[in-house]
1. What pairs come up if the first residue lies in segment 304-332 and is in the same structural domain as residue 30 (by TED's automatic domain parsing), the second is in a strand (DSSP E or B) and among the charged types (D, E, K, R), and their beta carbons are under 6 Å apart, counting only those six or more places apart or on different chains?
2. Is it the case that residue 199 is surrounded by fewer than 18 Cβ atoms within 10 Å (Cβ to Cβ), closer than 30 Å to residue 67 by Cα and within 16 Å of ligand 2 (Cβ to nearest atom)?
3. Look at segment 126-145 and say how many of its residues are crowded, with 17+ Cβ neighbours inside 10 Å and farther than 30 Å from residue 102 by Cβ.
4. Can you confirm whether residue 161 is closer than 29 Å to residue 341 by Cβ, without any contact (Cβ under 8 Å) to a residue 60 or more places away in the chain and assigned by TED's automatic domain parsing to the domain that holds residue 17?
5. Which of the strands (runs of 3 or more DSSP E) found entirely inside segment 42-86 contain at least 1 residues meeting this: more than 18 Å from residue 356 (Cβ to Cβ)?
6. Kindly indicate whether residue 155 is in a strand (DSSP E or B) and not hydroxyl-bearing (Ser, Thr, Tyr).
7. Checking the conditions here, which among 245, 196 is within 22 Å of residue 95 (Cα to Cα), in contact with a strand residue (DSSP E or B) (Cβ under 8 Å, 6 or more places away or on another chain) and outside the structural domain of residue 91 (by TED's automatic domain parsing)?
8. Return the residues of segment 209-238 that are in a strand (DSSP E or B), of a type outside the set (Phe, Trp, Tyr), without any contact (Cβ under 8 Å) to a residue 60 or more places away in the chain and away from ligand 2 (no atom under 16 Å from the Cβ); say none if nothing qualifies.
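The values are calculated or read from the model by the stated rules, or taken from the named source; none is laboratory data. Keep in mind that what you see is a predicted model, and the values were worked out from it rather than measured. No Cβ is skipped: glycine too gets one built from the backbone with ideal geometry, and neighbour counts run over all protein chains shown.
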Amino acid sequence: MLEQTINFKITTTQESKISKVDWENLPFGKMFSDHMLVMEYSEGGWNEPEIIPFGPISFHPATSAIHYGQSIFEGMKANKSSEGEVLIFRPDMNAKRFIESCERMCMPIIPEGLFVECVRKFVEIDRDWIPNKPGFSLYIRPFMFSTDEFVGIRPSDTYKFIIFACPVGAYYNEPVNVLIEEHYTRAAEGGVGRAKVAGNYGASLYPAKQGQLKGYHQLLWTDAKTHTFVEESGTMNIVFVINGKILSPTEENDTILRGITKRSVLEVAKVWGYEIEERKITVEEVIAAIKDGSCTEAFGAGTAATIAHINKIGFRGDDYFLPAIETREFSLKVEKFMNDLKSGISPDEFGWLVKA
Ligand code: PLP
Ligand code: COI
């Protein structure tokens, strides 16, 4: 859908909070920009999107999302070039994944064009909230939840779609330590692991907390059936460099979130001539490769996490350390490439940026 066919109703804030922002200190997800976009679904269709001042929303206690979990979200980032152009990274990919999440959760879809235009218009309004510092971005959070006021199990007939944004720095501000999880499960085949469903994160909190109590930032989830294959981490996909090859778990089944950052990294690696393997990867082979030195790099890839270098992997009471960060040729190169591309320092040779 083209922008001119969408009527945005816009009410701008009378009291901008922007002068209160401490741009030197931006903890992830705590500061919210001035506006939000709200679009409602009822009687089989989406109403016109509204951009209004950011603020609380009220709920009926029987709002179905709270009870039955029809709640999905996305995450993407916008940056500004040195010329002040607003650059949004691959919102079309988020739109496509959002559609998949809608379908899996029995929610009405938002067509890709409408989703992208909502993001663009919203970012245009709050463009002053995009940080100008390297390593910082505007994190954009579109989400949708069911709003029927009803007790009983059936898909809701009404929904709310909202977009808000936070100026952010890195989600992890140090290399991460991950723990291989062999008991709890994030996602099983046939479940909702591939969708970006709120409940996936709620269900992972207890196991992740156990890992944090042992000193790890995140878990490295394994497959639900055998707990022998590496899947992904709580906020990011996982990539290894073993014997010079780029390895990442296959997304063939429906248990792993199809990450846009990881997909982009692999597309770049392919163009650079690296050999890439997306396949089932056993925990055993990763540990063996760290031990014999053939695993030279490991990192998490995600919108919030960006490229999160992995320091060590915990497994059955032992810690396996990866080589020093400064030796990691591919991770460092791809990290710089992605940062430069997103902020317009290098040309958008893949055609990934959408201007607002
Ligand atoms: N896996 C999980 C569970 C995530 O929450 C995320 C973050 O969105 C990712 C992977 C990475 O996906 P993306 O690169 O699209 O942000
Ligand atoms: C993202 O990277 O967009 C995420 O959703 C991860 C996290 C903030 C939950």
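1. none
2. Working: surrounded by fewer than 18 Cβ atoms within 10 Å (Cβ to Cβ): yes; closer than 30 Å to residue 67 by Cα: yes; within 16 Å of ligand 2 (Cβ to nearest atom): yes.
It is true that residue 199 is surrounded by fewer than 18 Cβ atoms within 10 Å (Cβ to Cβ), closer than 30 Å to residue 67 by Cα and within 16 Å of ligand 2 (Cβ to nearest atom).
3. 2
4. Working: closer than 29 Å to residue 341 by Cβ: yes; without any contact (Cβ under 8 Å) to a residue 60 or more places away in the chain: no; assigned by TED's automatic domain parsing to the domain that holds residue 17: yes.
Taking the combined requirement at face value, the residue does not satisfy it.
5. On the way: elements: 50-53, 71-73, 76-80.
Once the strands (runs of 3 or more DSSP E) in segment 42-86 are filtered for at least 1 residues that are more than 18 Å from residue 356 (Cβ to Cβ), what remains is 50-53, 71-73.
6. Details: in a strand (DSSP E or B): no; not hydroxyl-bearing (Ser, Thr, Tyr): yes.
No, not satisfied.
7. On the way: 245 fails: within 22 Å of residue 95 (Cα to Cα).
The unique qualifying residue is 196.
8. Going through segment 209-238, the residues in a strand (DSSP E or B) turn out to be 218-222, 229-233, 237-238.
Retained after the next criterion (residues that are of a type outside the set (Phe, Trp, Tyr)): 218-220, 222, 230-233, 237-238.
Remaining after also requiring without any contact (Cβ under 8 Å) to a residue 60 or more places away in the chain: 219, 230-232.
Matches in segment 209-238: 230 only.
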